[in-house]
Amino acid sequence: MRYLTAGESHGPALTAIVEGLPSNLAVDIDDVNHQLWRRQQGYGRGGRMRIESDRVEVMSGVRFGKTMGTPVALLVHNKDWRNWSEKMAITGEAPDSVVEITKPRPGHADLAGALKYGQEDVRNVLERASARNTATMVAVGTIARQLLRRFGMEVYGHVVELGHVKVDQLEGTIPEIAERAEKSEVRVADPDAEQRIIDAITQAKADGDTLGGIFEIIVTGVPIGLGSYAHPDRKLDGRLAQSLMSIQAIKGVEIGLGFEAARRPGSQVHDEIGHRQGEYYRRSNNAGGLEGGVTNGQPLVVRAAMKPIPTLYKPLESVDMRTKEPFRATIERSDVCAVPAASVVGEAMVAWTVAQAFLEKFGGDSVEEMQDNYDNYLRRVGER
């Protein structure tokens, strides 16, 4: 299973093609649109979110609400295209009204991308590098999420740190924590931390600055045996890290205890094994559900660190690529903080990666065939 996306931030539309989905998977378009709506929420988002109201159109691969086993094509229109149709025209010469961007922003793909692809106008880089393109990642990830749900797996996400504020109060079950976070405009399950985070975002906006943070993704109901220890590129922890690092502005990934595991002795890190009522179980989940690149039956716990958005309203110094003179970097319309939205994208990418591993393990041309394979596997594991 794989996907490809295309589209620019201010182009006509964003597109995605998903290949390898089994047939007869029920696709809930309302759920896809709901996830796209969630991606646009969060305190600290910028003006673009007031323009766009993302909804997906399915162009192929689905009939009467179910996949046909053929490629699924998705389309998300950019409403702001009507204001950019001249500046982003597909044909003809650039009109005189188009002002080329030659002052790359520190922390963005601007300079490296312009040099790599030989672009004189940095807009040819920033349009595709923009986090606007995470809309298609959410769309394809939501379909993967629906496949996981079909087999009893659920994906949850919430913010655990933003700016200098850490979320310490995380009492209750995983669904309860996620439910509290869902009601928060910064996707935080702790009301006290929520207000301090909102205050920090408000202050950053007043200062012309931006804030980053850390979000956590949890997948429940994951069976033992997804991934592999046999080859480096098949290890699920490595693949999860890659999928999360593919999200714009993500600079670090942890699984389970993550870096904290390096600070503790082994006796305080590894999860002891027990057996009761015919099943193996763990007395803790410090490994985050993964050992040796293979799921161990515990909930999958992954965290990702997002850097502050590089577009600042008090911009840092840069250099004009044409004159080589120092300048303040270009200001593009942007967010003050997008960590809550990034957590939604993180849910989608984790769902995609787990679904990919699930299909590799239990693959079939239809969900019914997959169900037979899965049931047989669970029976055999249960006998051990």
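The values are calculated or read from the model by the stated rules, or taken from the named source; none is laboratory data. In this text the structure is predicted, and so the values were computed from the model without any measurement. Cβ atoms come from the backbone with ideal geometry, glycine included; neighbour counts cover every protein chain shown. The accessibility values were calculated without ligands, DNA or RNA, using every heavy atom of the protein model including side chains. Shrake-Rupley method; radii C 1.70, N 1.55, O 1.52, S 1.80 Å.
For each pair in Lys103/Lys307; Lys116/Lys235; Lys87/Lys205, compute the distance between the two Cα atoms and list the pairs where it is over 26 Å. Provide the component values of the computation, followed by the final result.
Values: Lys103/Lys307 21 Å; Lys116/Lys235 31 Å; Lys87/Lys205 29 Å.
In this structure, Lys116/Lys235; Lys87/Lys205 exceed 26 Å between Cα atoms.
Are there DSSP H segments in the chain that both extend 30 Å or more along their axis (alpha-carbon positions) and score a mean Kyte-Doolittle hydropathy of at least -1.0? List them, or say none.
339-362
Which length gain, in nm to one decimal place, applies between Ile273 and Arg63 when the Cα-Cα distance is subtracted from 0.36 nm times their residue separation? Could you put the intermediate results ahead of the total?
Working: separation 210, 0.36 × 210 = 75.60 nm, distance 4.60 nm.
71.0 nm is the gain from fully extending Ile273 to Arg63.
I'd like the GluC sites (Glu not before Pro) in the stretch 147-243 restricted to DSSP loop residues with at most 13 other Cβ atoms within 10 Å, sorted by number. Kindly include the intermediate steps, with their values, before the conclusion.
Working: sites: Glu154, Glu161, Glu171, Glu176, Glu179, Glu182, Glu185, Glu194, Glu216; in loops: Glu171, Glu185.
Within the stretch 147-243, the qualifying GluC sites (Glu not before Pro) (loop, at most 13 other Cβ atoms within 10 Å) are Glu171.
In nm, what is the difference between 0.36 nm times the number of residues separating Ile331 and Val98 and their Cα-Cα distance?
Numbers: separation 233, 0.36 × 233 = 83.88 nm, distance 1.59 nm.
82.3 nm is the gain from fully extending Ile331 to Val98.
Nearest 500 deg cm²/dmol is fine: what mean residue ellipticity at 222 nm does the chain get from its DSSP H runs of n ≥ 4 alone, each adding -39,500 (n - 2.57), divided by its residue count? Intermediate values should be presented prior to the final figure.
Working: 10 runs with 122 residues, N = 384.
Using -39500 (n - 2.57) per qualifying helix, the result is -10000 deg cm²/dmol.
Tell me the per residue accessible area of the stretch 339-381 using a 1.4 Å probe; a whole number in Å² is fine. Show your work: numbers first, answer last.
Values: 1460 Å² over 43 residues.
I get 34 Å² per residue for the stretch 339-381.
Please compute the length gained on full extension between Ser366 and Glu260, using 0.36 nm multiplied by the number of residues separating them and subtracting their Cα-Cα distance. Walk me through the numbers on the way to the answer.
On the way: separation 106, 0.36 × 106 = 38.16 nm, distance 4.17 nm.
Computed gain between Ser366 and Glu260 is 34.0 nm.
At 1.4 Å probe size, with the rest of the protein present, what percent of the exposed accessible area of the chain is carbon and sulfur atoms?
Values: 9600 of 19060 Å².
Result for the chain: 50 percent of the exposed heavy-atom area is carbon or sulfur.
Which one, Gly258, Ala193, Thr142, is farthest towards the positive end of the dipole of the chain when Lys and Arg carry +1 and Asp and Glu -1 on their Cβ?
Looking along the dipole axis, the top candidate is Gly258.
Grab the beta carbon distance between Glu19 and Ile174, set R0 = 30 Å, and tell me the FRET efficiency rounded to 0.05.
Numbers: r = 32 Å, r/R0 = 1.06.
E between Glu19 and Ile174, to the nearest 0.05, is 0.40.
Can you list, largest first and rounded to whole Å, the semi-axes you get for the chain by taking the square root of 5 times each eigenvalue of its Cα gyration tensor?
On the way: eigenvalues 281, 139, 69 Å².
That gives 38, 26, 19 Å for the three semi-axes.
Is the stretch 1-144 rounded, prolate or oblate when judged by the Cα gyration tensor, a ≥ b ≥ c being the square roots of its eigenvalues, rounded requiring a/c under 1.5 and prolate requiring a/b larger than b/c? The partial results should precede the final answer.
Numbers: a/c = 2.09, a/b = 1.85, b/c = 1.13.
It is prolate, given that a/c is not under 1.5 and a/b is the larger ratio.
Are there any GluC sites (Glu not before Pro) in the stretch 320-384 that are in a DSSP loop and have at most 13 other Cβ atoms within 10 Å? List them by number.
Working: sites: Glu332, Glu347, Glu360, Glu368, Glu369, Glu383; in loops: Glu332, Glu383.
When the GluC sites (Glu not before Pro) of the stretch 320-384 are filtered for loop state and at most 13 Cβ neighbours within 10 Å, Glu383 remain.
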